[in-house]
1. Test residue 33 against the criterion of being among the hydroxyl-bearing types (Ser, Thr, Tyr) and either at pLDDT 95 or above or farther than 14 Å from residue 62 by Cα (or both), and give yes or no.
2. What are the residues in the range 9-30 that are surrounded by fewer than 19 Cβ atoms within 10 Å (Cβ to Cβ) and either of a type in the set (Asp, Glu) or under 18 Å from residue 69 (Cβ atoms) (or both), if any?
3. Out of the residues in the range 16-49 that are touching a residue at least 12 places away in the same chain (Cβ under 8 Å) and among the β-branched types (Val, Ile, Thr), which is nearest to residue 4 (Cα to Cα)?
4. If you go through the range 50-73, how many residues are over 22 Å from residue 2 (Cα atoms) and buried (at least 19 other Cβ atoms within 10 Å of the Cβ)?
Amino acid sequence: MSPLDKACMQHDMDTESRGPKRAGTDPVKIRASDARLARQAKKIALDHRTSQRQRALAWVVYRAMKFNKWRKSRGGDLDV
């Protein structure tokens, strides 16, 4: 399992409704989990020892987590 997969799995454990959803429905905890995954994904994307494919995927995850801050379910104002 790659570092990006591990980071995403931890995020899913916090936010995924089909899992334990440790963050519950608290937007603050959910946004904290999003921010943690964004930081981890950016670190992976900038690591030149990581494969080009994993770096590209990490940038996708990073952008998705940055977009989440506007979603209503994450405490934002976009109905996405």
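The values are calculated or read from the model by the stated rules, or taken from the named source; none is laboratory data. Being a predicted model, the structure only gives us computed values, none of them experimental. Ideal geometry is used to build each Cβ from the backbone, glycine not excepted, and the neighbour counts take in all protein chains shown.
1. On the way: among the hydroxyl-bearing types (Ser, Thr, Tyr): yes; either at pLDDT 95 or above or farther than 14 Å from residue 62 by Cα (or both): no.
Judged against the criteria, residue 33 is not a match.
2. Correct list: 12, 16, 25, 26, 27, 28, 29.
3. Applying the filter and picking the extreme gives 44.
4. 1
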